[in-house]
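The values are calculated or read from the model by the stated rules, or taken from the named source; none is laboratory data. Predicted model, so just to flag it, every value in this text is computed and none were measured. Cβ placement follows ideal geometry from the backbone for every residue including glycine, while neighbour counts extend to all protein chains displayed. Accessible surface areas use protein heavy atoms only, side chains included; no ligands, DNA or RNA. Shrake-Rupley method; radii C 1.70, N 1.55, O 1.52, S 1.80 Å.
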Amino acid sequence: MENTIWHRLSKLDHRIIYLVYTIVVAFPLIFGLGLPLPITDDVRAAYEVIKGLPPGSIMYLGCDLGATNLAECKPPIVAICKFAYELGHKIVVSGFWVDGPSLAYIWMEPAMNEIGAVYGEDYVNLGYRASMSSILDQSRYSIIEAFSDRDINGNRLSEMPIFQNLAKASEFTYLVTINPGYPGTADYIRAWRSTGDVSLIIDVPTAGMITTNGTHLQAGLTQGMIGGLNGAAQFEALIGYPAKATASMDAQGVGIFIIIAFLVLGNISFIQLRKQNELTKGGS
Amino acid sequence: MITVPDSVVAALQPLHVWLGALATLGMLSLLYRENPFYRFCEYTYVGSAGAHTLVTTFANTIKPGIQTQMIQNGQWWEILPICLGLLIYFQPVKRYSWLSRLPMGYWVGYNAGYALTMRTAMPMLTEVRRSILPPIVITSSGFDLMASINNIVFCTTVVLVMVYFIFSREVLKGRAAVLMNVSRVLIMMALGVGFGNGAITRVSLLIGRLDYLFADWLGIY
């Protein structure tokens, strides 16, 4: 009885599972599988909103994220910034997670330099600020005062061309919030949507927040959602710029499939063992 | 923020990638077993994250506030909220610990006031209003079956979940108790979707690290 396949499966060393999982996920990452990627309505809506805005529109990009969100947050930041710049939009980056704006700075710089965007004129990074609610509230009256007239590198905001036509939050045409939790979308809605300052919000949550943030989209508080790596890959496909998210989607698909396979196997093993135990008890 | 010359950044890039790769492997080594290399990487991460938070908060929030607002703009009275904030450090001193309650009280009061305005009510009311949807959707191209099914599922779920939380098993007996079971299944399905999405985020974390190891460190692709 002890030597059945189900018994051996139930006692399988978890390190073997980790190893198998890593190898299986690594394979499509290196070689690629070209799995199909359907475009969802949420991502298409986000794309249509951004695409429909006139040149000269100003985007506030809220980067409220940490280093662990690299895989899910870097691809949409790069893709959205490139797309917005190509449409002639200006970009203002900030964030209320301590790592967020610094990471956005590191991720954006090569991409923005590559397409010829000029810092201070086409985009600016305001850096991290403590106390989200008070900063966002003060930005409704004066962004320069709320951010103490300094960007992430200590340069004066008032001397930058981008701020010649931008004084307060209501002058942002739209807001893109990239976040894996709190503070995040709900806080921006409270600060600027509820007050009528910014009415167009594109939500870019990590996969874990899609369910929670979906309620905002359903209620019309946000106008589009680019959720997780999958959403980022869809957005890359829509703008014709396949990059990291697209390349990672095969690995994610296979990774999820393997988790489901392990779940099914584990449950079958559990049921079979229970049956065997009942038979043994009945026999004795 | 301290600006490092580009030439120095470029020269240190290989070291940076190697350190990142070794730290990644160190963290992942926990999956094999607890070991000193993992501990070293973990403590280094926690320490550097704390230091980064402290330095960034000072450089991006405190320093510009003092430099621009107080010194350049002459708004010297902004020293008052700073003094109020510093009172929090009296907390460990028993005799004067009551002083630490002043900034804490102000902060809690500010946030309570902020939350009690229409800022919080508006999203909630909007969500309530948008929960009432037509069961039959007619668009310009005619009857929209999928949208109608979506609306029916959505509205039914909202009502049944409300029933689950408002009524107890003692109130809903007999056939009505079926409603409770259906509601529970719907809640479990929603939680399952949330859990599944959470699992996808974890997969993405692994993909991010593997991508770093294979592409940035080993240069395989």
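Things worth noting here:
- FRET efficiency, 1/(1 + (r/R0)^6) with R0 30 Å, evaluated for B:Lys63 and B:Ile88 via beta carbons: 0.95
- In the context of the full set of protein chains, residues of chain B present 70 Å² of accessible surface per residue (probe radius 1.4 Å, heavy atoms only).
- Within chain A, the longest segment free of exposed loop sites, counting GluC sites (Glu not before Pro) that fall outside DSSP classes H, G, I, E and B and have at most 12 other Cβ atoms within 10 Å, spans A:122-284.
- The spread of Cα positions in the stretch B:132-221, taken along each principal axis and listed from longest to shortest, comes to 64, 45, 17 Å.
- The length gained on full extension between B:Leu22 and B:Thr44, counted as 0.36 nm times the residue separation minus their Cα-Cα distance, comes to 6.7 nm.
- Between the Cα long axis of helix A:228-239 and the first principal axis of chain A there is an angle of about 60°, rounded to the nearest 10.
- Rounded accessible area of A:His14 (nearest 10 Å², 1.4 Å probe): 100
- Of A:Ser102, A:Ser134, A:Ser248, the one that fluctuates the most in a GNM where chain A has Cα springs shorter than 10 Å: A:Ser134
- Contact surface B-A: accessible area buried, both sides summed, square angstrom, 1.4 angstrom probe: 4500
- Under the span-like rule (Cα at least 27 Å along the axis, Kyte-Doolittle mean at least -1.0), DSSP H helices of chain B: B:6-28, B:36-57, B:145-166, B:177-211
- Bins of 10 Å from zero: percent of alpha-carbon pairs in the protein assembly as shown: 3, 15, 24, 24, 19, 10, 4, 1, 0, 0
- List of the stretch A:160-195 residues, accessible area with partners at least 50 Å² below that of the chain alone (1.4 Å probe): A:Arg190, A:Ser194
- Projected area, mean over directions - chain A, Cα convex hull, nm²: 18.5
- Among the lysines of the protein assembly as shown, pairs at least eight places apart or on separate chains and with Cα atoms under 28 Å apart come to 18.
- Cα lying deepest toward the dipole's positive end in chain B, options B:Thr68, B:Gly208, B:Ala177, charges on Cβ: B:Ala177
- In this Cβ point-charge picture (+1 for Lys and Arg, -1 for Asp and Glu), the stretch A:41-242 has a dipole of about 220 debye about its Cα centre.
- The magnitude of the dipole of the protein assembly as shown, with charges of +1 and -1 set on the Cβ of Lys/Arg and Asp/Glu and taken from the Cα centre, is near 1880 debye.
- Simple spin-label estimate for A:Val20 and B:Phe154 gives 4.1 nm between the two label positions (7 Å along the Cα-to-Cβ direction from each Cα).
- Label point distance in nm, B:Asp6-B:Arg95, each placed 7 Å from Cα along Cα→Cβ: 5.9
- Its Cα centre serving as origin, the stretch B:132-221 has a Cβ charge dipole (Lys and Arg +1, Asp and Glu -1) of approximately 460 debye.
- Ranked order, A:Tyr188, B:Tyr96, B:Tyr38 - accessible area, probe 1.4 Å, largest first: B:Tyr96, B:Tyr38, A:Tyr188
- Modelled label positions at A:Ile271 and A:Leu12, each set 7 Å beyond Cα in the direction of Cβ, lie 1.7 nm from each other.
- Average projection, convex hull of the Cα set of the stretch B:79-208: 17.5 square nanometres.
- Three-way shape label, chain B, alpha-carbon gyration tensor, a/c 1.5: oblate
- Heavy-atom surface analysis with a 1.4 Å probe gives the stretch A:41-242 a carbon and sulfur content of 51 percent of its accessible area.
- Counting only alpha carbon atoms, the long axis of helix A:70-86 and the longest principal axis of chain A meet at about 40°.
- For the options A:Leu126, A:Leu29, A:Leu263, a Gaussian network treatment of chain A with springs between C-alpha atoms closer than 10 Å singles out A:Leu263 as fluctuating the most.
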